[in-house]
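The values are calculated or read from the model by the stated rules, or taken from the named source; none is laboratory data. Because the structure is predicted, anything quoted here is derived from the model rather than measured. All Cβ positions, even for glycine, are placed from backbone atoms using ideal geometry, and neighbour counts span all protein chains on display.
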Amino acid sequence: MKKRKLDMILERVEGFSAPDPRLEQYSTPAPIASEILYSALMRGDLEGTVCDLGCGTGILAIGAAILGSRSVGVELDPTALKIANENARRLGATVGFVRGDVESIALKGVSTVVMNPPFGAQRGSGGDRAFLRKATEIGEVIYSIHNAGSEGFIRRFVEPCKIEEVQRIAFPLKRSFKFHSKDVEIIEVELYRIFCR
């Protein structure tokens, strides 16, 4: 499947019906999701079980399944999980969605983690730590989005895993909450490929 076709399919994924700012529920735009997944596909990182930690409405987990992976999505919010299940059903993707907190969930046999974790902007710094900790426990390869300028912290936090690549991405953040002043705010984020084998 070509990347543009994956973009078009993922554009059909419904976002959050009532996003919770405390959980930093921002939808991952389809072009960014397909960029992450296509990059993983070209490196052979979608051949085993792929897990999306904090999957929200399922875009990364669904995209991985469409590209042929055995896919698992973990999400705390039952409303988001209901939307994720409906998205997967509507798009014909087989995804094992699990309701749970990333800190306490037990997962085995995961080869690759793909995630867009909360950055911690609403609750103070460190919102992504639990996600990174779990990802390094369960995954061999991790694709993760973080605030620009996070490389030093992430490099130290994931040791002995190694950052293999950092890609800067312009992330269009759509107005989701009352405190947003613009319809779309472009923020700079970094996509990390972390190797833990």
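One residue alone among Y26, Y38 is among the hydroxyl-bearing types (S, T, Y) and surrounded by fewer than 21 Cβ atoms within 10 Å (Cβ to Cβ), and that residue is Y38. Taking the criterion of being among the β-branched types (V, I, T) and outside any helix (DSSP H, G or I), would at least one residue in region 32-44 satisfy it? Looking through region 32-44, none of the residues is among the β-branched types (V, I, T) and outside any helix (DSSP H, G or I). Residues that are outside any strand (DSSP E or B), surrounded by fewer than 15 Cβ atoms within 10 Å (Cβ to Cβ) and at pLDDT below 95 do not occur anywhere in region 110-119. Taking the conditions (1) among the hydrophobic types (A, V, I, L, M, F, W, C); (2) closer than 17 Å to I138 by Cα; (3) more than 15 Å from the chain's Cα centre (by Cα) in turn, V114 satisfies each one other than (3).
The residue that is surrounded by the fewest Cβ atoms within 10 Å (Cβ to Cβ), among those in region 67-90 that are of a type in the set (A, V, I, L, M, F, W, C) and out of contact with any helix residue (DSSP H, G or I) (no Cβ under 6 Å at 6 or more places or on another chain), is L76.
List the number of the failed condition for P160; all other conditions in (1) outside any loop (DSSP other than H, G, I, E, B); (2) at pLDDT 95 or above hold. It fails just one condition, (1). Looking for something surrounded by fewer than 21 Cβ atoms within 10 Å (Cβ to Cβ), polar (S, T, N, Q) and closer than 22 Å to K134 by Cβ - is there at least one such residue anywhere in region 45-58? Yes - at least one qualifying residue is present in region 45-58. Screening T79 against (1) assigned to a loop (DSSP other than H, G, I, E, B); (2) modelled with pLDDT under 95; (3) farther than 23 Å from I169 by Cβ leaves a single unmet condition, (1). Among the conditions (1) part of a strand (DSSP E or B); (2) among the small types (G, A, S); (3) at pLDDT below 95, S144 misses just one, which is (3).
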